[in-house]
Amino acid sequence: MQRHDVDRRLFLGASAVTLLGAAGAARAQAPQAAKAGDAPGARITPRVAAFIAGFELKDAPALAVERARTAFTDTVGVMLAGSRSEPAAIVLELVRAEDAKPAVSIVGQSLRSSPQLAALANGVASHALDFDFTYMQGQLVAPVIPALLPLAESTGATPAETLAAFIVGFEVASRLSRANPNHNGGGAWHATGTIGTIGAAAACARLLKLPAAKIPDVLGISVSMAAGVNANYGTMTKPLHVGQGARNAILAALLGARGFSANPAAIEGRGGFASTFARGLEWQPDAFDDLGRTSDLAERGFRPKRYPCGGVIHTGIDAALKLREELGPRVADISAIKAGISKYAANRASEQYPTNTEAAKFNLQYVVAYALANGPPTLSAFGEDAINNARVKALARMVSVAIDPAFADAHEDYPTRLAVTLTDGSTREELRVYASGTRQYPMSPAQIDDKFLDCAAQAVTPDAAKKILATLRTLGEQESFAQFWPLLGRG
């Protein structure tokens, strides 16, 4: 199959694909964390450890491999752009002050540092613009790639090994999210910092080629280091959750590799992930039953973001763009705007007009107003000049928000019904259930490449950007990263 044939399937469903391979054999080597016949889900950690230790890239379906490459392309691109953000600059200042041994690259920077500090800086940069891809509960696996890059550089891991490690982290995080589907909404956690940290630790354990017997300790350490509450959405602390998760994932893997102990059942055991992070919430341990047998990356995919802001409000942007297209110059005649949203999306509809980039990225009224006034929001849409634009402010004041009974309890697709009233009393309405980038409205390979190049232009030269993109498009085919690391520095 040609690469472009697979690319066209990137965001379409696929049939179940077996991933057993060596994982089946490794299962027999996994440590026994619980007795047979215990409560449902009591043997989750041994299953996860066996999968991590036994996974082989050759057993992954082609679609999973292509999606993993797309994940690296998307993440490295937004990381390069985010390296120029204020949150990234503040963290870089602290990393520089640590004066650590310059062992590995920091993406988008001339400074080199230790793997853990580089992971911290990479993670903050990757999420600072809120432009990274989403999966299930937000940017669920955001810490994985920021952790893998410096760990791969420090260990000399190959591109194929790094690609395999990402797939492992994705699959583990996906099962944790499926087991606790209301983690973000009902629990008020930020799954990126909680589940994402554990998934990233699993990926790091795979990259280090740890035996199954050591992996429960890695997972147990990462459960204790997992953190993040959604009270910090719209602040610099949200991307800090990614940096913290990436750094802690490397630390958990390195400690576990050296014999640092943890509860070998910290996911499912007493006082572990299920009984704390999922306390009072739905917990479905059977989500782990197909780990190693099917690929969530191939079957479910993920959503690259078309717009650099909170994903929950993307349907509002799409609806506004459609109305802008229909109205043309009559956008100037809008006198009122009504937005119908879900209960979950309601916390993105502040009556207070945003005063900074972080707040604007999570404000429905702002992005609807901007899209009506100017078209698709790009990186510059969340700068000071755009936020202070008088026309955008005037349109934002017209937006009233209510819970739409047709989809009040929607918790994954986040529909938006947008209705505008014109000065002559006529109305126009647009309902968007699925946002751009979803399987229903996928971004094309060309759009993904364009997004990468636009982001990369913020930090590296056009020539370097093209070379980085060429590597990421075919990641896993190169013998080493030797030519890649120097390209990531500041241009």
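Observations on the model:
- Residues satisfying the stated conditions in region 322-349, i.e. among the hydroxyl-bearing types (Ser, Thr, Tyr) and more than 16 Å from Gly311 (Cα to Cα): Ser335
- Selection status of Gly199, buried (at least 21 other Cβ atoms within 10 Å of the Cβ) and free of Cβ contacts under 8 Å to residues at least 40 places away in the same chain: no
- Of all residues in region 361-376, those satisfying the criterion of being surrounded by fewer than 24 Cβ atoms within 10 Å (Cβ to Cβ) and either part of a loop (DSSP other than H, G, I, E, B) or of a type outside the set (S, T, N, Q) (or both) are Phe362, Ala373, Gly375, Pro376.
- Qualifying residue in region 380-390 (condition: under 23 Å from the mean Cα position of the chain (by Cα) and surrounded by 24 or more Cβ atoms within 10 Å (Cβ to Cβ)): yes
- Phe481 satisfies every condition listed in (1) at pLDDT 95 or above; (2) under 14 Å from Ser83 (Cα atoms) except (2).
- When we screen Gly245, Gly199, Gly234, Gly256 for residues that are in contact with a Phe, Trp or Tyr (Cβ under 9 Å, 6 or more places away or on another chain) and farther than 16 Å from Phe51 by Cα, the only hit is Gly234.
- In region 361-381, the residues that are of a type in the set (Asp, Glu) never reach a residue that is open to solvent by less than 30 Å² (accessible area, probe 1.4 Å) and assigned to a loop (DSSP other than H, G, I, E, B) with C-beta atoms less than 6 angstrom apart, at least six apart or across chains.
- Residues located in region 275-301, provided they are outside any helix (DSSP H, G or I) and open to solvent by 10 Å² or more (accessible area, probe 1.4 Å): Phe277, Arg279, Gly280, Leu281, Glu282, Trp283, Gln284, Asp289, Asp290, Arg293, Thr294, Arg300
- Matching residues, region 218-233, being part of a helix (DSSP H, G or I) and open to solvent by 30 Å² or more (accessible area, probe 1.4 Å): Ser224, Met225, Asn230, Ala231, Asn232
- In region 303-340, the residues that are under 16 Å from Val392 (Cβ atoms), surrounded by 24 or more Cβ atoms within 10 Å (Cβ to Cβ) and out of contact with any Leu (no Cβ under 7 Å at 6 or more places or on another chain): Tyr307, Cys309, Ile317
- Checking Ala406 against (1) touching a residue at least 60 places away in the same chain (Cβ under 8 Å); (2) within 18 Å of Met236 (Cβ to Cβ); (3) among the hydrophobic types (A, V, I, L, M, F, W, C), the condition it does not meet: (2)
- Criterion: more than 17 Å from the chain's Cα centre (by Cα), touching a residue at least 24 places away in the same chain (Cβ under 8 Å) and open to solvent by 10 Å² or more (accessible area, probe 1.4 Å) - qualifying residue of Glu98, Glu86: Glu86
- Filtered by the rule that a residue be farther than 19 Å from Ala227 by Cβ and either touching a strand residue (DSSP E or B) at 6+ places or on another chain (Cβ under 8 Å) or not in a helix (DSSP H, G or I) (or both), region 137-148 gives no residues.
- Options Ile215, Ile145: the member that is at pLDDT 95 or above and under 22 Å from Phe131 (Cα atoms): Ile145
- Each residue in region 341-353 was checked for being touching a Lys or Arg at 6+ places or on another chain (Cβ under 9 Å) and crowded, with 20+ Cβ neighbours inside 10 Å, and 1 pass.
- The set of residues in region 395-448 being open to solvent by 50 Å² or more (accessible area, probe 1.4 Å) and either among the aromatic types (Phe, Trp, Tyr) or in contact with a Cys (Cβ under 7 Å, 6 or more places away or on another chain) (or both) consists of Tyr434, Tyr441.
- Single match in Ala253, Ala205, Ala200, Ala164 (criterion: at pLDDT 95 or above, in a helix (DSSP H, G or I) and under 15 Å from the mean Cα position of the chain (by Cα)): Ala200
- Some residue of region 409-419 being aliphatic (A, V, I, L, M) and at pLDDT below 95: yes
The rows are residues; the columns are (1) within 30 Å of Pro115 (Cβ to Cβ); (2) touching a residue at least 12 places away in the same chain (Cβ under 8 Å); (3) of a type outside the set (D, E, K, R).
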residue	(1), (2), (3)
Ala257	yes, yes, yes
Gln284	no, yes, yes
Arg293	no, yes, no
Val312	no, yes, yes
Pro329	no, no, yes
Ser342	no, yes, yes
Ala349	no, yes, yes
Tyr353	no, yes, yes
Asn356	no, yes, yes
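Listed here are the residues, each with its yes/no results for (1) closer than 11 Å to Ala459 by Cβ; (2) touching a residue at least 40 places away in the same chain (Cβ under 8 Å); (3) among the acidic types (Asp, Glu).
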position: Ala68; (1), (2), (3): no, yes, no
position: Phe72; (1), (2), (3): no, yes, no
position: Gly77; (1), (2), (3): yes, yes, no
position: Ile90; (1), (2), (3): no, yes, no
position: Glu93; (1), (2), (3): no, no, yes
position: Ser105; (1), (2), (3): no, yes, no
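- Within region 482-491, restricting attention to residues that are in contact with a helix residue (DSSP H, G or I) (Cβ under 6 Å, 6 or more places away or on another chain) and not in a helix (DSSP H, G or I), the residue that is nearest to Phe166 (Cα to Cα) is Phe484.
- Matching option when the condition is of a type in the set (Ser, Thr, Tyr) and more than 30 Å from Ile334 (Cα to Cα), among Thr416, Thr427, Thr474, Thr423: Thr474
The values are calculated or read from the model by the stated rules, or taken from the named source; none is laboratory data. Note that the structure is a prediction, hence the values are computed from the model and not measured. Ideal geometry is used to build each Cβ from the backbone, glycine not excepted, and the neighbour counts take in all protein chains shown. Surface accessibility is based on the protein's heavy atoms, side chains included, excluding ligands, DNA and RNA. Shrake-Rupley method; radii C 1.70, N 1.55, O 1.52, S 1.80 Å.
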